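Below is one structure, written out as structure tokens, with a few remarks after it.
Read-outs throughout are calculated quantities, based only on the coordinates presented, and are distinct from any laboratory measurement. A quick note: this is a predicted structure, and the numbers were derived from the prediction, not measured. Heads up, the Cβs are rebuilt from the backbone with ideal geometry, glycines too, and the neighbour counts pull from every protein chain shown.
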Amino acid sequence: MTVTELMSRAPEPRLAPAAAFADAMSRFATGVVLVTCWIDGRPWGMTVSAFASVSAEPPTILVSLASASASAQAITDEQRFGVSILERGQIAAARHGSLPGASKFIERFVERGGAGTALPAVAGALAHLDCEVIELHEVADHTVFFGRVRSVRLGSAGEPLVYADRAYRALTPAFTPRRNGASDAL
Ligand SMILES: Cc1cc2nc3c(=O)[nH]c(=O)nc-3n(C[C@H](O)[C@H](O)[C@H](O)COP(=O)(O)O)c2cc1C
């Protein structure tokens with residue numbers, strides 16, 4: 001019997017139960033972004049928390065999207081996407097972009113102008129990044145898109161919308177002065 005045959009008969013390695021995994025992840029606080037693209041010439045946005053900075057030079061980020069989502073399919077075709085970082089008052093946009101099975105056209109949430117050229121940007125977002133896909137990887141039922149950041153628009157200063165324990169939240173300081181006066185800033 002070959003090694004491949006032996007491996008195909010081996011029992012599945014033990015996996016953490018899905019519910020325990022979801023409970024653990026619910027304890028991880030994230031910001032909330034709308035990942036944007038154009039679909040049929042109209043702005044479209046999906047609510048995402050799986051967003052991370054990868055590198056500053058060159059500026060690179062990643063987002064992980066369900067491969068079956070309309071967003072993942074459009075971004076795979078167009079090879080570009082936008083990321084609008086939501087402000088604490090933008091729960092309506094986050095809810096709109098996360099309704100399962102619903103259309104996610106976002107005309108009422110976006111800045112005017114730029115149709116078809118720049119990526120749609122949520123009006124009033126803390127910041128918006130226009131990205132070009134440099135790599136994508138299908139992992140389980142998601143596609144991880146790595147984006148090179150082509151341009152950044154900073155909105156007004158404000159506080160981020162936060163998602164933790166399955167609810168939208170706002171920040172409160174967890175303030176413990178550091179003895180040597182050092183800053184926690186990166
Ligand atoms: C706060 C929050 C964060 C989310 N983060 C992600 C994410 O990182 N990746 C993802 O694929 N879906 C994420 N979702 C789910 C999608 O927004 C939602 O399932 C998707 O838009 C469903 O749309 P569809 O039925 O059109 O595919 C998140 C939902 C919420 C409420």
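List of remarks:
- Projected label points at Leu171 and Ala185, each 7 Å from Cα along the beta carbon direction, are separated by 1.2 nanometres.
- Of the chymotrypsin sites (Phe, Trp or Tyr not before Pro) found in the stretch 90-186, those in coil by DSSP whose Cβ has at most 11 other Cβ atoms within 10 Å are Phe175.
- Relative intensity of the chain on a log10 scale, I(q)/I(0) at q = 0.09, 0.10 Å⁻¹, equals -0.40, -0.48, per a Debye sum over C-alpha point scatterers of equal strength in the absence of solvent.
- Helical contribution to [θ] at 222 nm, DSSP H n ≥ 4, -39,500 (n - 2.57), averaged over the chain, rounded to 500: -4500 deg cm²/dmol
- ³J(HN,Hα) computed for each position of the stretch 80-94 - Karplus, 6.51 cos²θ - 1.76 cosθ + 1.60, integer Hz, glycine/proline x: 7, 7, x, 10, 9, 8, 7, 8, 4, x, 9, 5, 4, 5, 5
- Counting every other Cβ atom within 10 Å of each residue's Cβ, Leu186, Leu161, Leu154 order from fewest to most as Leu186, Leu154, Leu161.
- Computed from the Cβ-Cβ distance with R0 of 30 Å, the FRET efficiency linking Ala70 to Arg178 stands at 0.05.
- Chymotrypsin sites (Phe, Trp or Tyr not before Pro) restricted to the stretch 27-66 and DSSP loop, no more than 16 other C-beta within 10 Å: Phe28
- Assuming charge only on the beta carbon of Lys and Arg (+1) and of Asp and Glu (-1), the dipole of the stretch 31-167 about its Cα centre is about 380 debye to the nearest 20.
- Taking Val63, Val122, Val133 and counting other C-beta atoms within 10 Å, the order from fewest to most: Val133, Val63, Val122
- Whole-Å distance, taken between Cα centres, linking the stretch 15-87 and the stretch 106-161: 10
- A crude spin-label estimate for the pair Arg14 and Ala56, with each label 7 Å from Cα along the Cβ direction, gives 4.2 nm.
- Under the combined filter of DSSP loop state and at most 13 neighbouring Cβ atoms within 10 Å, the stretch 99-158 retains these trypsin sites (Lys or Arg not before Pro): Arg112.
- Rounded to whole numbers, the Karplus 3J(HN,Hα) couplings from phi for the stretch 37-53 are 7, 9, 10, 6, x, 10, x, 9, x, 10, 6, 9, 10, 7, 9, 8, 6 Hz, using 6.51 cos²θ - 1.76 cosθ + 1.60 with θ = phi - 60°, and x at Gly and Pro.
- Likely footprinting exposure, Ser26, Ser84, fewest C-beta neighbours within 10 Å first: Ser26, Ser84
- Under-5 Å amide H pairs with Arg80, H placed in peptide plane, nonlocal only: Val133
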